[in-house]
1. Got a sec? Which strands (runs of 3 or more DSSP E) wholly within segment 169-279 have at least 1 residues that are more than 28 Å from residue 483 (Cβ to Cβ), among the acidic types (Asp, Glu) and in contact with a helix residue (DSSP H, G or I) (Cβ under 7 Å, 6 or more places away or on another chain)?
2. For segment 404-420: of the residues being at pLDDT 95 or above and in a loop (DSSP other than H, G, I, E, B), which is nearest to residue 268 (Cα to Cα)?
3. Could you figure out which of (1) modelled with pLDDT of 95 or more; (2) buried (at least 17 other Cβ atoms within 10 Å of the Cβ); (3) of a type in the set (Ser, Thr, Tyr) isn't true of residue 426?
4. Can you name every one of the strands (runs of 3 or more DSSP E) wholly within segment 11-112 that holds 3 or more residues which are within 18 Å of the chain's Cα centre (by Cα)?
5. Could you check, for segment 365-384, whether at least one of its residues is among the aliphatic types (A, V, I, L, M) and under 26 Å from residue 74 (Cα atoms)?
6. State whether the residues of segment 229-240 include one that is within 30 Å of residue 531 (Cβ to Cβ) and in the same structural domain as residue 117 (by TED's automatic domain parsing).
7. Given the conditions (1) in contact (Cβ under 8 Å) with a residue 12 or more places away in the chain; (2) surrounded by fewer than 24 Cβ atoms within 10 Å (Cβ to Cβ), and given that residue 69 satisfies all but one, which numbered condition is not satisfied?
8. Please count how many residues of segment 76-105 are aliphatic (A, V, I, L, M) and either within 26 Å of residue 428 (Cα to Cα) or free of Cβ contacts under 8 Å to residues at least 24 places away in the same chain (or both).
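The values are calculated or read from the model by the stated rules, or taken from the named source; none is laboratory data. What you see is a predicted model; the values in this text were computed from it and never measured. Positions of Cβ are backbone-derived with ideal geometry, glycine not excepted, and every protein chain shown enters the neighbour counts.
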Amino acid sequence: MGMNLAEKIIKAHLLEGEMIPGTDIGLRIDQTLTQDATGTMAYLEFEAMGVPRVKTEKSVAYIDHNTLQNGFENADDHRFIRTVCKKHGIYYSRPGNGICHQVHLERFGIPGKTLIGSDSHTPTGGGIGMLAMGAGGMDVAVAMGGGTYYITMPKVLKVNLTGKLKPFVAAKDVILEVLRILSVKGGVGRVIEYGGEGVATLTVPERATITNMGAELGATTSIFPSDEVTRQFLKAQGREQDYTPLCADEDAAYETVVDIDLSKLEPAAAMPHSPDAVESVKNLAGLPIDQVCIGSCTNSSLQDMMKVAAILKGKTVAPTVSLTISPGSRQVFNMMAMNGALADIIAAGGRVLECACGPCIGMGQSPNSAGISLRTFNRNFEGRSGTADAKVFLVSPETAAASALTGVFTDPTTLAPIPEFVMPDSFLINDNMVDAPVPVEEMDSVEVLRGPNIKEFPVSHALEHTIEKPAVLKVGDNITTDHIMPAGAKILPYRSNIPHLSQFCFGVCDTTFPARCKEVGGGFVIGGENYGQGSSREHAALVPLYLGVRAVIVKSFARIHCANLVNAGILPLVFDDPADYDTIDQGDILVLDGIDDAIRAGGKVTLVNKTKNKTVTLSCQASDRQREMLLAGGLLNYTRENA
């Protein structure tokens, strides 16, 4: 039996364990990336490890999230990251150089390599055949220090693509169809591998759009083969030497196969407030809209921008619509400026923003009250835009541009034809906004600069024998990391200040949570299915740790957040019987007696509800290694003990 592509790359990087789905494996990591909203904490953790120089083939820090500088906080974080990078062997992509995933795809990604990043959309790199995974900042810090990265060996699901996309039907419509079929939980424990004759019809930017939003499936990662299309893209980036052909064996085995005929797809939209609430644009046609935002790491490539410019050329944005455009990288921005596309967008009334994440993370451009916003982004979680009652739809750039002109939801297939986009033979290459670190012999001369907003990360302690605490919060299904630790312009500047950040924890669900948690000295959080979906932000674990949360008890977890809880030393526990969720109310006093022994033995965990005099059985969602981490009080304590 042959091997699929994911298995081939995993086998080439396997350091520990066996490739048996569901078991713990350790991988060698070739590359890492961070962004500034998670990077400061990741580099504080790297410093705490005491490793003088990164040991990866390439590590890059990007400044792309916290680029609004209303105070000193963001600028101080950027200065800290810049000096840490210069000293410790990390490349530094300056503010304005672009969004981490877009720039990494253009300038640094290499087929067949492993990449982890402290951002959940790191799987964008799967568009050129990388095994690219989102991870918590602590995992990235360990990998930079030469440590092994551990995951559960995934199953591999194949999406078999046939046919070719029709005009005005986009890669965004492909991944929305996958989300419609599989749901936001359908990728959990899986790698989504794309194959079939239809793959050859998709450009690298289109493939990257699809792998980027694979994060919304809950997948470990998504990946395309590295083929002639990949080679041409890398050649145009001046990096043909990085090309390696990679594909699955003809007799490769998969857990299951999903067939999608590209020629039958139509423009689609994800309705509020979930990426898998997919509806045909035809069925939404005529719905008035207030805002259109085009960009993000999902849809900000030159190809996306050129199609938008072609649709807007010679026309004017509807007077009821605010249209913003965010190019994904300085390379894209420069090429648009040189070929006239930027002028066409400006003439039509588009508001051009900087090359950054911007509105996608609530960093500006919040919609009006109860506004309908069409966005080419990857997430439309409630409140993420910065407006609590906004209705955010996820669409393709083609649908977004067409609707911006009419002021209502518009099917782009009804438009007059536009020129077909042809990938350039050569991209504009200028890496002068990427700073290289100093040589090893000069690193001691570099001073790492810290601002007053940069605080130490919270300290965890070894697991106690008995935990008796109240259920301080009970929430439902599909709680995202945006619910747990919101983003946005008012909050993101404090990502390096956990004490200040803590006052916003679970603010979307219950504004009284932080105060109540501090009053009782922490406790347990109770949740439903798919708890922790969304961003990889480890702050969604570190802030609850600071507030005294000792365990999170749910029906099921999202992968990255579960790992982040373990890294922080918070117990991730799952109801053996999901119906037991209904037996616990907020405020109930819960007891885990002998919990250290139960974790050490790897058996079941018994939870006593003293308030209701009821006992339920739980399982700990952790591998043998993670159990040792929990006993030690988290990854940093474990790393120190085993150094």
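1. It comes to 190-195.
2. Here is the first cut: in segment 404-420, the ones at pLDDT 95 or above are 404-418.
Applying the additional criterion that residues be in a loop (DSSP other than H, G, I, E, B) yields 407, 409-411, 415-418.
Values: 407: 17, 409: 11, 410: 11, 411: 9, 415: 16, 416: 19, 417: 19, 418: 20 Å.
Checked segment 404-420; the qualifying residue nearest to residue 268 (Cα to Cα) is 411.
3. Here residue 426 meets the rest and fails (2).
4. Details: elements: 14-16, 24-27, 31-35, 58-62, 91-93.
Those strands (runs of 3 or more DSSP E) span 31-35, 58-62.
5. Taking every residue of segment 365-384 in turn, none turns out to be among the aliphatic types (A, V, I, L, M) and under 26 Å from residue 74 (Cα atoms).
6. No, there is no match, as no residue in segment 229-240 is within 30 Å of residue 531 (Cβ to Cβ) and in the same structural domain as residue 117 (by TED's automatic domain parsing).
7. Only one criterion in (1) in contact (Cβ under 8 Å) with a residue 12 or more places away in the chain; (2) surrounded by fewer than 24 Cβ atoms within 10 Å (Cβ to Cβ) is unmet by residue 69, namely (1).
8. Residues that pass the stated criteria total 4.
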